[in-house]
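Chemist: To start, I am sharing the structure in question, which I have written as structure tokens.
The values are calculated or read from the model by the stated rules, or taken from the named source; none is laboratory data. Keep in mind that what you see is a predicted model, and the values were worked out from it rather than measured. Ideal geometry is used to build each Cβ from the backbone, glycine not excepted, and the neighbour counts take in all protein chains shown.
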Amino acid sequence: MLSNELPSNIGDGLPNLQELYLHNNMYRGQIPTSLGNVSGLGRLELGTNNLNGEITSSLGKLLNLYNLNLQQNNLEASQSWEFFNALTNCTRLEILSLAENQLYGAIPDTIGNFSSTITDILLGGNKLSGTVPQSIGKLGSLFTLGLEYNNLTGTTDEWIGKLTNLQALNLQMNSFIGPLPSSLGQLTQLIELNLGNNKFEGPLPPFLGQLTQLTRLNLGNNKFEGPIP
């Protein structure tokens, strides 16, 4: 009988594999821990399947990993987010896409320990809650940060202005509060800024005019008032 589960030993017989593409299929079950044995693996694409269970921390053994795409599955994290902490060992990691899964709870403080080469972190469409750790401000290399469609709260002033290389920031459909921090005006590389459907308030600040690279701006469904600068 054919199985749609990935073989448990899939990583044991592929010592020279550098890229693995299994995205957009119908695979289900857990991610095999043996994938952590493919020491040369740089790109792992498992997005858009029916994978479930906890994401294995063995992926943290992939020291050459630069692109990890697990988006659009039903994957979970352990209570301590062990896999997330393990991925900080992947010092070449550039792109991490975990969007549209079943990740619950707070984003760990260890997000600030990711490689200085990381450019894209996509965590949208999960069930994340709590505040965004200030440690995310250490990731000055980020080009894209997606936290949309979660249950995140709190203000953004402690970290947002430190991500000065951001080109796309999506915080849509959360419960962020407070006025827009003045440090947002330092993100002069922004092309897309989506803050829609939150609880931001107060007047729209003049520094928005400094974001001259913007091509898309969404501030809808908040509590802004006063003149548009």
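Chemist: Give me the residue from the stretch 111-127 that is among the aliphatic types (A, V, I, L, M) and either more than 11 Å from the chain's Cα centre (by Cα) or part of a loop (DSSP other than H, G, I, E, B) (or both) and, out of that set, nearest to LEU187 (Cα to Cα).
Modeler: From the stretch 111-127, those among the aliphatic types (A, V, I, L, M) are 111, 118, 121-123; that's our starting set.
Adding the requirement that they be either more than 11 Å from the chain's Cα centre (by Cα) or part of a loop (DSSP other than H, G, I, E, B) (or both) leaves 118, 123.
Values: ILE118: 17, LEU123: 20 Å.
Selected residue: ILE118.
Chemist: I need the full set of residues from the stretch 148-169 which are on the phi < 0 side of the Ramachandran plot and surrounded by fewer than 20 Cβ atoms within 10 Å (Cβ to Cβ), in order please.
Modeler: Looking only at the stretch 148-169, we keep the residues that are on the phi < 0 side of the Ramachandran plot, and these are 148, 150-153, 155-169.
Passing the criteria: ASN151, THR153, THR155, ASP157, GLU158, GLY161, LYS162, THR164, ASN165, GLN167, ALA168.
Chemist: Hey, any hits in the stretch 156-163 for a residue that's in a strand (DSSP E or B) and either hydrophobic (A, V, I, L, M, F, W, C) or farther than 19 Å from THR110 by Cα (or both)?
Modeler: To start, the set of residues in the stretch 156-163 that are in a strand (DSSP E or B) comprises none.
Taking every residue of the stretch 156-163 in turn, none turns out to be in a strand (DSSP E or B) and either hydrophobic (A, V, I, L, M, F, W, C) or farther than 19 Å from THR110 by Cα (or both).
Chemist: Assess whether SER34 counts as being surrounded by 16 or more Cβ atoms within 10 Å (Cβ to Cβ), in contact with a Phe, Trp or Tyr (Cβ under 9 Å, 6 or more places away or on another chain) and among the polar types (S, T, N, Q).
Modeler: Details: surrounded by 16 or more Cβ atoms within 10 Å (Cβ to Cβ): yes; in contact with a Phe, Trp or Tyr (Cβ under 9 Å, 6 or more places away or on another chain): no; among the polar types (S, T, N, Q): yes.
So SER34 does not fit the description; no.
Chemist: Of everything in the stretch 89-128 that's among the β-branched types (Val, Ile, Thr) and closer than 17 Å to SER78 by Cβ, which residue is surrounded by the fewest Cβ atoms within 10 Å (Cβ to Cβ)?
Modeler: Residues of the stretch 89-128 among the β-branched types (Val, Ile, Thr): 91, 95, 107, 110-111, 117-119, 121.
Now drop any that are not closer than 17 Å to SER78 by Cβ, which leaves 107, 110-111.
Values: ILE107: 23, THR110: 15, ILE111: 22.
For the stretch 89-128, the residue satisfying everything is THR110.
Chemist: If you take just the strands (runs of 3 or more DSSP E) that sit entirely in the stretch 1-93, which of them hold at least 3 residues that are under 16 Å from the mean Cα position of the chain (by Cα)? Steps first, answer last, please.
Modeler: Working: elements: 19-21, 43-45, 50-54, 67-69, 74-76.
Ranges flagged: 67-69, 74-76.
Chemist: Restricting to the stretch 82-116, name every residue that is at pLDDT 95 or above, out of contact with any strand residue (DSSP E or B) (no Cβ under 7 Å at 6 or more places or on another chain) and among the small types (Gly, Ala, Ser).
Modeler: ALA86, GLY112
Chemist: While we're here: Here's a check for you: in the stretch 166-199, which residue that is assigned to a loop (DSSP other than H, G, I, E, B) and β-branched (Val, Ile, Thr) is nearest to the chain's Cα centre (by Cα)? Full working, then the answer.
Modeler: Going residue by residue through the stretch 166-199, those that are assigned to a loop (DSSP other than H, G, I, E, B) are 166-167, 171-174, 179-181, 187-191, 195-198.
Filter once more, keeping what is β-branched (Val, Ile, Thr): 188, 191.
Values: THR188: 21, ILE191: 18 Å.
Per the stated criteria, the residue is ILE191.
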